[in-house]
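Single-structure report; data block below.
Bear in mind these aren't lab numbers, they're just calculated from the coordinates by the rules spelled out. Only a predicted model underlies this, so the values are computations on that prediction, with no experimental measurement involved. Here the Cβ positions follow ideal geometry from the backbone for every residue, glycine too, while neighbour counts run over all protein chains shown.
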Amino acid sequence: MTRPVPAIDVRGLRKSFGPTTVLDGVDLRVDTGSVFALLGANGAGKSTTVRILTTLLRPDAGTVTVAGLPLPARAHAVRENIALTGQYAAIDDVLTGTENLRLAARLAHLPSAAIPGRVRDLIERFDLAHVADRRAGTYSGGTMRRLDIAMSLVASPQVLFLDEPTTGLDPRSRLVMWEAIRELADDGVTIFLTTQYLEEADRLADRIAVLDGGRIVAEGTPDELKSLVRGGYLELRFATDADLTRAASVLDGEIDRAALTLQVHTDGDLPHVATLLERLAAEAVPVEKFGLHSPTLDDVFLTLTGSTDETKVVR
Ligand SMILES: Nc1ncnc2c1ncn2[C@@H]1O[C@H](COP(=O)(O)OP(=O)(O)OP(=O)(O)O)[C@@H](O)[C@H]1O
């Protein structure tokens, strides 16, 4: 079966700024209608990639197709099919939310008759009704970001680029934003988002690519990426040191005498976990408590990039 034309296809993308190579042969494929997350630490080159894909920057080398159109040759046509919302809102502070949306609609050459209905739809979808008649300059960061996305959607783009859509937002605003992004995806808009938040990529994306050292170091579904890492274990806790010692003679694992625990590697597969517990039961070793630890994207990221700077990449 042939795969449908991808919304974004990138091969061998390179970009340097002076002596600094930022992208060193990036390959990406984003299926139409999917949510794709480009994950990377500060300075990994996420914004540079987005700027190239949205026609704002020319690559040094490589082939790039967006919405089925080659870049940079068809930049103008690509711009008509995409929208970009950045870390900094392109909003006029002195206009109200409604006025900003109307202005965006006129700039996008929407037919006049269609503008009021479109503006109403977007106000509703992005939960802006209660602030629609207030000057945008008075909005909170989260509301500002929602208006920014709403403005970029007036022209119904095929592909929406979200560069770090929730950076700087409080947890509640982040949840609202995630919901809005998922709804857009359910409507069939292809979404390319960049993030430093592992949880965000895990929650939103159908596929995730990890950018490090100018290259994609891993790409797959959240579950595929997690399966690359041996981060999963069964933690068994015992009532006495004697029980722990006996358990450790039955199962290989990491012993913590102070906590009276034994950590045994497992991929979390139910038959395997059951076998481990049955082996203890067969030797009559009583287990006080047990818990399963599944690998997280944090484990994946740290394993793949070798980064130990947790403040940068782990939230
Ligand atoms: N116009 C430019 N001139 C020189 N260097 C640049 C330019 N734009 C980006 N860089 C450098 O390229 C590297 C990647 O920057 P980029 O903004 O793409 O990273 P990022 O992954 O988006 O980071 P962040 O999460 O901090 O936004 C950084 O080292 C940055 O300083």
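Observations on the structure shown:
- At R0 = 30 Å, FRET efficiency that the Cβ-Cβ distance of Arg125 and Arg58 yields, to 0.05: 0.30
- Prolate/oblate/rounded label for segment 1-104 (Cα gyration tensor, a/c 1.5): oblate
- Burial ordering of Thr21, Thr54, fewest other beta-carbon atoms within 10 Å first: Thr21, Thr54
- Globularity ratio of segment 136-280, using Cα Rg and 2.2 N^0.38 Å: 1.53
- For the chain, taking the reciprocal of the average inverse distance between every pair of different Cα atoms yields a Kirkwood hydrodynamic radius of 22.1 Å.
- Ellipticity estimate at 222 nm from DSSP helix runs (n ≥ 4, -39,500 (n - 2.57)) divided over the chain, nearest 500: -10500 deg cm²/dmol
- Among Glu164, Glu278, Glu99, sorting on how many other beta-carbon atoms sit within 10 Å of each Cβ, with the fewest leading, yields Glu278, Glu99, Glu164.
- Shape category assigned to segment 113-197 from the gyration tensor of Cα positions, a/c cut at 1.5: oblate
- Note on Val94 and Leu175: the extension gain reaches 26.4 nm, defined as 0.36 nm multiplied by sequence separation minus the Cα-Cα distance.
- The residues Ser152, Ser173, Ser140, when put in order of fewest to most other Cβ atoms within 10 Å, stand as Ser140, Ser173, Ser152.
- For segment 26-33, 3J(HN,Hα) computed residue by residue from phi via the Karplus equation (6.51, -1.76, 1.60; θ = phi - 60°) reads 9, 10, 8, 9, 10, 6, 4, x Hz, glycine and proline entered as x.
- Centre-to-centre, using Cα atoms only, segment 28-61 and segment 127-191 are separated by 19 Å.
- Considering only alpha-carbon pairs that sit under 8 angstrom and 6 or more positions apart, the relative contact order computed for the chain is 19 percent.
- Helix 241-250 axis, angle to the chain major axis (alpha carbon atoms, nearest 10°): 80 degrees
- Rounded to 10°, Cα long-axis angle of helix 171-186 versus longest principal axis of the chain: 70 degrees
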